[in-house]
Each structure stands twice: as structure tokens, then as C-alpha cells.
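These notes concern the structure reproduced below.
Just so it is clear, none of the values below were taken in a lab; they were calculated from the coordinates. Everything numeric here is computed off the predicted structure, so don't read it as measured data. Cβ: placed from backbone, ideal geometry, glycine included. Neighbour counts: every protein chain shown.
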Amino acid sequence: MIATPVIIVNFKTYEKGYGAKALSLTKILQKVAEDTKANVAVAVGPTDIKEISHESSLPVFAQHIDAIGYGSHTGYILPEAAKEAGAVGTLINHSEHRLRLADIEECVRRAKEIGLITCVCSNNLGTSKAASLLYPDFVAVEPPELIGGDISVSRAKPELVKGTVDAVKAVSPEVKVLCGAGVKNGEDVRKALELGSEGVLLASGVVKAKDVEQAIRDLVTGMV
Ligand code: G3P
């Protein structure tokens, strides 16, 4: 398990979020995490998991796995392959890579089977409740309309964050809640934690920042 509160930075498929640039980005995040003792993890594309997990001390998440096992499947991400490449966990059902409920359940099951930390993304309260019943390690609630924008979920929809925390904890206090979408600064993070979330999932606030180091330094101020 990773320590919380945590900031998980999702590199998505941003131009600055893959290959050599992804590694440079990770090194900056790692430096700030070491300086500040903040818990920072990264979620990277499948072709970058191996290099980043070998070259960095930050926990690496896959952005997605598929609900498959060894065998005749083509173009899918085998959970075992993500793990062997160095991932410690995986996002499941990100808003930009949605899955059917049965596949989410199977991804959680397969990930747990091989010891990957599971972070199931949800888009609203109902989906958060459904996700919690699969007992993942994390439920990350992200309203799709706020993703990539400048107004954070913790400011725009505090009731959604609080409602998700209450609903998830009613199912299982063991399942941790993250929130995401539009999180850009330390104040957004502080507010998210005040609402009961145990961290944030974010992307553009770091990956598209003009000054990545300054952006992550500001964000982690919300965790102390
Ligand atoms: O996975 C995190 C993401 O969907 C939120 O994106 O750019 O709003 O921080 P962003």
C-alpha cells in the first residue's frame, strides 16, 4: 500500500508525459517529494512503466490494465506485465478509459490477485458507491466536466467529495477516497483533504505547468 495523503500525478498521453520527457518530469516530482517528504506517485503510459519504475523511487501506477489473463489476446495490457514492468498499482475505469461494470470488477480482482494497488475512478456519487462495493484500495471521484479545467472539484463540488467519502466509508472504512479534476494548487489540495479525501489525482496542473517544480511545490503545501 502507498502512504497517504498522496498526490497521484497522471501523465495521460500529454506530449510532456511520455518517453524521455516523462522521466524528466518524474525526476522533478521525485526531488520535490524527497525535499518535502510528501507522498507523490505517478500514473504513466504502458510503454513508460518499466523505465520510470527502474529510474525513479516514486511509486508508479499503470493508467489502465485489461481484464485478461495469459493467452491469446492482442493489444491489451496484461496485469502481470504491468506488475513485472514495475507498477505497484493501477488506475481502473478512468473517465478517459471507461469500462463496463463487469470488467471493472474483473480488473480489481485480477489486480488484487497479483498484488497491484487498485484505484477505481468514478464520475459521480452513484458510481463511487458501486466502485466501493468492489473493495478497491482507492476510489477516485472525478467529475468529467471539470477534468482539465481550472476549477477544482474540491471548490466546485465539495458536496460530491464529502458525499463520496461518506458513502464509501459506509461500505468500508478501509477503502480510501481520492478526488480529482481541476486540482491546481495547494489550496485545492487542502480543501480536498478537509472534505475527507485522502489525496488527489491530478494531471494538467503538473504535466502542463510552465514550471513543473513550482507547481508541485505549491500542491504539496496543501498536504502539511
Ligand atoms: O486523472 C486525473 C485527471 O483526470 C484530472 O485531470 O487535468 O483535471 O488534473 P486534471
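Before moving on, here are some points about what is shown:
- Among GLU174, GLU96, GLU80, the largest mean-square fluctuation in a Gaussian network model of the chain, built with springs joining Cα atoms closer than 10 Å, belongs to GLU96.
- Charged neighbours of ALA215, selected by a Cβ distance under 14 Å, balance to 0 (K, R count +1; D, E count -1).
- Set LYS169/LYS191; LYS27/LYS184; LYS16/LYS176; LYS21/LYS83 screened for pairs whose C-alpha atoms are more than 24 Å apart: LYS16/LYS176
- Each of GLY149, LEU99, THR127 was placed along the dipole of segment 78-157 (beta-carbon charges, centred on the mean Cα), and the one lying farthest toward the positive end is THR127.
- Taken about its Cα centre, the chain carries a charge dipole of roughly 220 debye when the Cβ of each Lys and Arg holds +1 and the Cβ of each Asp and Glu holds -1.
- Taking ASP218, ASP166 and counting other C-beta atoms within 10 Å, the order from fewest to most: ASP166, ASP218
- For chymotrypsin sites (Phe, Trp or Tyr not before Pro), the sites in segment 41-87 that DSSP calls loop and that have at most 16 other Cβ atoms within 10 Å are TYR70, TYR76.
- Between segment 123-163 and segment 11-41, the alpha-carbon center distance in angstrom: 24 Å
- Each residue in PHE11, PHE138 was given a count of other beta-carbon atoms within 10 angstrom of its own, and listing them fewest first yields PHE11, PHE138.
- Across the chain, the longest run free of exposed loop sites, meaning trypsin sites (Lys or Arg not before Pro) lying outside DSSP classes H, G, I, E and B with no more than 11 other Cβ atoms within 10 Å, spans 101-209.
- With a simple spin-label model that places each label point 7 Å from the Cα along the Cα-to-Cβ direction, the separation between ASN124 and ALA3 comes to 3.8 nm.
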